[in-house]
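Student: Below you'll find the structure I mean.
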Amino acid sequence: MTAAPTTNQRAGSLDALTELIADGEVVVLSGAGLSTDSGIPDYRGATGSLRRHTPMTYQTFTRDPRGRHRYWARSYVGWRQIRGARPNDGHRAVGDLQAAGLVDAVITQNVDGLHQAGGATGVVELHGGLDRTVCLNCGDVAGRAELDVRLRAANPTFGPRVDEVNPDGDAELPDELLDGFVMVGCLACGDGPLKPDVVFFGETVPRDRVEQCFALVEGAASLLVLGSSLTVMSGYRFVLHAAKLGIPVAIVNSGPTRGDAKADVRIDSPLGVVLPELARRLAG
Ligand SMILES: [Zn+2]
């Protein structure tokens, strides 16, 4: 067991991080920890399903119409929370560092769109985004907000009772209620089943997107990991790639990560504290 870092050690690490980021050409790799301050419950890696539930797999979603139906019923309720989320100081600090010319690109494992809302540009959404749907029949990509309008029209009385909503906005809905939800299909092809445009467990990240991220890492002077425990290989492989190429890796995360042994700079502190301070030093 490792002792918690002392204040002096943490200050030393922050100085080392500041030096590294000051050199510029930084590529950010971010995870769920960056969005928890925005009230987004921690997502378990590549999934659009909230942690409390068994993560939806690609196989269940595509092969089990009833499982898919229940996913959409829960998502319909959970969408209120996602839609209402706002970027936090950490997202804004990344946007500020990018505006200062120090961050070249952002690769995110998050599907909430909050980097972009916080001012970041050129964001690669490794696991897709909840703001879009894709048709499993014709491949048409459409906006989630438009779908919500259609779903509200199709479900004028559907919704959880207040005592079924948890403090974080997640809803534990009984199966009978979920079955009463009315789902709609793709408008482009008539009735194709819709999937959120996110990468589920059991689904691979599109190859061209992975190649794009590898290329970004190869062109970086350093890789800055924010708020990810790196348990999912889809993100961890970029840390391995950077380390193999001798590109310095910095990790800021509350709690241990799988990449700690590969990190040149490691700060175990809340992002909401570290990132605004970093932006103040470098982009103020
Ligand atoms: Zn379609």
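Student: May I ask you to verify whether PHE200 is buried (at least 17 other Cβ atoms within 10 Å of the Cβ), at pLDDT below 95, in contact with a Gly (Cβ under 9 Å, 6 or more places away or on another chain) and farther than 27 Å from GLY31 by Cα?
Tutor: Against the criterion (buried (at least 17 other Cβ atoms within 10 Å of the Cβ), at pLDDT below 95, in contact with a Gly (Cβ under 9 Å, 6 or more places away or on another chain) and farther than 27 Å from GLY31 by Cα), PHE200 does not qualify.
Student: Further question: How many residues does segment 138-157 contain that are without any contact (Cβ under 8 Å) to a residue 60 or more places away in the chain and touching a Leu at 6+ places or on another chain (Cβ under 9 Å)?
Tutor: So the count comes out to 5.
Student: Looking only at segment 32-81, count how many residues are at pLDDT below 80, more than 17 Å from the chain's Cα centre (by Cα) and of a type in the set (S, T, N, Q).
Tutor: Result for segment 32-81: 1.
Student: Under 7 Å between Cβ atoms, which residue pairs at least 6 apart in sequence (or on different chains) link something in segment 176-195 that is more than 18 Å from ALA145 (Cβ to Cβ) with a partner that is assigned to a strand (DSSP E or B) and within 8 Å of the ligand (Cβ to nearest atom)?
Tutor: CYS189/CYS135; GLY192/CYS135
Student: Shifting gears a bit: Return only the number of the condition from (1) more than 16 Å from the ligand (Cβ to nearest atom); (2) part of a strand (DSSP E or B); (3) among the aliphatic types (A, V, I, L, M) that VAL134 does not satisfy.
Tutor: Every condition holds for VAL134 apart from (1).
Student: Go through (1) in contact (Cβ under 8 Å) with a residue 24 or more places away in the chain; (2) more than 16 Å from the ligand (Cβ to nearest atom); (3) surrounded by fewer than 21 Cβ atoms within 10 Å (Cβ to Cβ); (4) not hydroxyl-bearing (Ser, Thr, Tyr) one by one and return the number of the condition VAL94 breaks.
Tutor: Failed condition: (3).
Student: On to the next question. I need a count of the residues in segment 210-243 that are buried (at least 18 other Cβ atoms within 10 Å of the Cβ) and farther than 26 Å from ASN88 by Cα.
Tutor: Number satisfying all stated conditions: 1.
Student: Within segment 192-284, considering only strands (runs of 3 or more DSSP E) that don't extend past its boundaries, which have at least 2 residues that are closer than 30 Å to TYR71 by Cα?
Tutor: Here the list reads 194-198.
The values are calculated or read from the model by the stated rules, or taken from the named source; none is laboratory data. None of these values were measured; they are calculated from a predicted model. Counting neighbours? That spans all protein chains shown, and the Cβs are built from the backbone with ideal geometry, glycine included.
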